[in-house]
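Down below is the structure, laid out as structure tokens.
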Amino acid sequence: MSACPDDVPDTQDVPTPDDAPVPEGTISDPGSVSGPAAGCPVCLDYDWAEGDAERMGDLSGATDWRVLRRRHQAADHPA
């Protein structure tokens, strides 16, 4: 028995990574944290570590990295 076209799920309704909702406060939420300063290896390391912690499901660790990056930015990259 073959599937009727009405029985096939509509792939247009499946969110893609670009339009999927982003949880507030994650690294992918551009309004939640300031990003790394251009070319600063310390900022880039903090940014990478935060994203890695989030991907591993370690939200506490991600928060720790975010705090460390903000402290670094306040000390070394004043606005």
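The values are calculated or read from the model by the stated rules, or taken from the named source; none is laboratory data. Keep in mind that what you see is a predicted model, and the values were worked out from it rather than measured. What goes into the accessible areas is simple: the full protein's heavy atoms, side chains included, and nothing from ligands, DNA or RNA. Shrake-Rupley method; radii C 1.70, N 1.55, O 1.52, S 1.80 Å.
Please work out if D45 is open to solvent by 80 Å² or more (accessible area, probe 1.4 Å) and at pLDDT 55 or above.
Against the criterion (open to solvent by 80 Å² or more (accessible area, probe 1.4 Å) and at pLDDT 55 or above), D45 qualifies.
Run A53 past the list (1) small (G, A, S); (2) at pLDDT 55 or above; (3) not in a helix (DSSP H, G or I) and report the number of the one that doesn't hold.
Going through the list (1) small (G, A, S); (2) at pLDDT 55 or above; (3) not in a helix (DSSP H, G or I), A53 breaks only (3).
Take P21 and decide whether it is open to solvent by 90 Å² or more (accessible area, probe 1.4 Å), in a loop (DSSP other than H, G, I, E, B), at pLDDT below 90 and not β-branched (V, I, T).
yes
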